[in-house]
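Notes follow once the structure below has been shown.
The values are calculated or read from the model by the stated rules, or taken from the named source; none is laboratory data. Being a predicted model, the structure only gives us computed values, none of them experimental. When we count neighbours, we look across all protein chains shown, and the Cβ atoms used for this are built from the backbone with ideal geometry, even at glycine. These area figures cover heavy atoms from the full protein model, side chains too; ligands, DNA and RNA do not enter into them. Shrake-Rupley method; radii C 1.70, N 1.55, O 1.52, S 1.80 Å.
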Amino acid sequence: MIGPDTSSPSRLRPWERSSVALPVLALLGLLVALPSADAQEQVRDTSGLTSENEVQQFCGNIADAARDRRYALQKQDLEKLQGEVNDRIAVMETRKAEYEDWIGRRNEFMKQAENGLVDIFKTMKPDTAAPQLAEMQAGLAAAIVMRLPPRQSGLILSEMDAKKAAAVASIIASAADPNTSKDPS
């Protein structure tokens, strides 16, 4: 006999006659079929190890591709930065060329102005040139006096205020000193 004989209700056992009997019997069968708590824990641990192994295997498989991608992104960043540096260098080169051009024009103008100014002071009398040089910046006055003939320079310095003449003479002396730094600052 495989199952209860349900052809005759009198042959059924009391628990088999109830409408709850079949679901209860099914539940009992499930409980017997369910593994114990230890078995369930082992199943979880095994699945955890499997997924950790799978994760490590996955990470190992994509490590080279991830590294290559990271290097490619870093290379793009470096190329972008190199482009910005090159742009800045180009701007600086342009500005340097403009500055050198401006300095060249300024030096040419100063040379012409200085030559013209020296020629003007060469034609002036020492008693007239002395007060004007005394009002100028000491460095400029010294440059002009140095370019004048020594006799005229001496006469102009003798006509100047003693303090201003001493400052101009000091600048001239330091310009002639070989131990003086070439940097005027």
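For Lys182, all conditions in the list (1) assigned to a loop (DSSP other than H, G, I, E, B); (2) modelled with pLDDT of 90 or more; (3) among the charged types (D, E, K, R) hold save one; what is the number of the exception? Looking at each condition in turn, Lys182 falls short on (2).
Among the residues of segment 107-124, which ones are exposed (fewer than 13 other Cβ atoms within 10 Å of the Cβ) and either more than 46 Å from the chain's Cα centre (by Cα) or at pLDDT 90 or above (or both)?
Hits for segment 107-124 are Asn115, Gly116, Asp119, Ile120, Thr123.
Are any residues in segment 152-165 open to solvent by less than 30 Å² (accessible area, probe 1.4 Å) and hydroxyl-bearing (Ser, Thr, Tyr), and if so, which ones? The answer is Ser153, and nothing else.
Within segment 125-147, the residues that satisfy the criterion of being assigned to a loop (DSSP other than H, G, I, E, B) and at pLDDT below 90 are Met136, Gln137.
The numbered conditions (1) surrounded by fewer than 10 Cβ atoms within 10 Å (Cβ to Cβ); (2) under 50 Å from the mean Cα position of the chain (by Cα) are all true for Pro149 except (2).
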